[in-house]
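Below you'll find the structure, written out as structure tokens, and then a few comments.
Read-outs: derived from the displayed coordinates by stated rules, not from any lab. None of the values given here were measured: they were computed from a predicted structure. Ideal geometry is used to build each Cβ from the backbone, glycine not excepted, and the neighbour counts take in all protein chains shown.
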Amino acid sequence: MASTPDRGTWGSRSGFILAASGSAVGLGNIWGFPTQVGQGGGGAFVLVYLVCIFLICFPILVAELAIGRRTHQSPVLSFATLRPGTAWWLAGALGVLTGVGILSFYSVIAGWTVAYIWFTASATVTGEPEAIEKFFSEFTANGPSTVGLTFVVLLTTAGVILGGVRSGIERVTKVLMPAFIVLLVVLAVRALTLPGAAVGLAYYLRPDLTRLFDANVFNAALGQAFFSLSLGMGAMITYGSYLDRRDGIANSAVWIVLLDTSIALLAGFIIFPAGFSIDGFNPNSSGPGLIFTVLPQLFSTLPGGQLFGMTFFVLLAMAALTSTISLLEVPVSHFVDARHWPRPKAVGVVTLVVFTLAVPSALGNGEINFLTSIPGIDTDFLTLMATVWNNFALPMGGLLTALFVGWVWRVDHALEELLAHEAWFPNTALWGFLIRWICPLAILSIIIGTVYSMV
Ligand code: TRP
């Protein structure tokens, strides 16, 4: 097996779980999940999301980690190592592109969270709901500040990546994750005891069954599930490539999925009860601003709300950073491993490309909207990017991974890797069935259904 001797491994299995959870837990859980629930009609979206997580994403997470640990390579070389001389390396290349695409809009929103550390600490965002919403739209329309903040986020990410990922992420995540969970639980308790919380809770938990036949709900839920678990673009192949063979994969995957999913669900228990306690609240029309308008109002109902709000946005910004790190690491490690670029060059070039692509997303809420002038398109650039990469590129990457592991590398070879050192594995036959049949067929029909509903 060709593997680079100095690539290193995680400090320990818990270090790996922390890093992979750090990649998974981020804006996708706190910002993306509630936003998508709001647009997907509440409880129906939640139900479809959970089905996607357990039936489609969990098996693919295991598959990505197995590929990475088997080859100890970044995604393009992983596919090329397992099937040399074929076109399968393109599946890895799609991941490299997707990493750049996702990071380009992710860094913009991460920039907003950094700004909100200051806005909440200084009590700039308080007062009536209308004032808070107006503040958000004026802030995001301010080109120089959103572009500047995006740049700061990317520069910070590049700085961490430059020093090598592993020790840094392990240490940050170890402190971050428990603190974040405690804070979220406190906020959920506060939100659930607000007047009007019951309406929000019903919206969140009671599925509107008519939405279950909407292809767009399925597509959005699938995209969100991939996005939240950092799947479908080789991030988990990359993280798996730093795993030692003695470290079990399935039990780590269970931890990652449970942590990621419970943090997303927890965010819903905050946003919807708190949102519906505000007069005239409409989750569907709130769009990307949902958390930035609901949370400041929740903080203002808490004693010490300023300090609380500031701490929350500090933790959210850190959670976003452990995710931007994994997004940048995929393209960077590709150019280091496959093209033998020195690490600083790879970091510099990729960061610059991402920043260039991020500028239209950062400016899209302001005067300069590149898209609204095009007939037939009524969305901003950031939303368009999020849709293209999350709802199509990630499921496509997941589809290719499932087909590759199920039919090309083959389930018995994958299981050999997964069961090495008598590792715990819940149900090999079920996993083989899901990865060969259910994952590809479900993803394919969701993509086809969505395209069909668009034309
Ligand atoms: N999972 C992260 C979040 O929920 C985002 C993320 C990090 C990601 N790395 C990824 C998404 C790789 C897809 C692929 O915020």
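For a quick check of your reading of the model, give me the residue pairs whose first member lies in the stretch 93-118 and is within 15 Å of THR383 (Cα to Cα) and without any contact (Cβ under 8 Å) to a residue 60 or more places away in the chain, whose second is assigned to a helix (DSSP H, G or I) and within 12 Å of the ligand (Cβ to nearest atom), with beta-carbon atoms closer than 9 Å and at least 6 apart or on different chains.
Listed by first residue and then by second, the contacts come to nothing, as the list is empty.
Select the helices (runs of 4 or more DSSP H) contained entirely in the stretch 146-248, then report the ones holding at least 3 residues which are of a type outside the set (Ser, Thr, Tyr) and within 20 Å of the chain's Cα centre (by Cα).
Passing ranges, in order: 166-192, 215-228, 235-240.
For ALA220, only one of the following conditions fails: (1) within 16 Å of the ligand (Cβ to nearest atom); (2) under 26 Å from SER14 (Cα atoms). What is its number?
(2)
Between ALA215, ALA202, ALA179, ALA197, which is closer than 30 Å to TYR452 by Cα, among the hydrophobic types (A, V, I, L, M, F, W, C) and either away from the ligand (no atom under 16 Å from the Cβ) or touching a residue at least 40 places away in the same chain (Cβ under 8 Å) (or both)?
Only one candidate passes the filter, namely ALA215.
Given the criterion buried (at least 18 other Cβ atoms within 10 Å of the Cβ), within 16 Å of the ligand (Cβ to nearest atom) and of a type in the set (Phe, Trp, Tyr), identify the matching residue among TRP89, TRP112.
From the options TRP89, TRP112, the qualifying one is TRP112.
Could you list, ordered by first residue, the pairs with Cβ atoms under 7 Å in which the first is in the stretch 226-244 and of a type in the set (S, T, N, Q) and the second is outside any helix (DSSP H, G or I), at least 6 apart or interchain?
THR238/SER74; SER241/HIS72; SER241/GLN73; SER241/SER74
Test each condition in (1) more than 16 Å from PRO288 (Cα to Cα); (2) crowded, with 21+ Cβ neighbours inside 10 Å for THR81 and report the one that comes out false.
So THR81 meets the others, but not (2).
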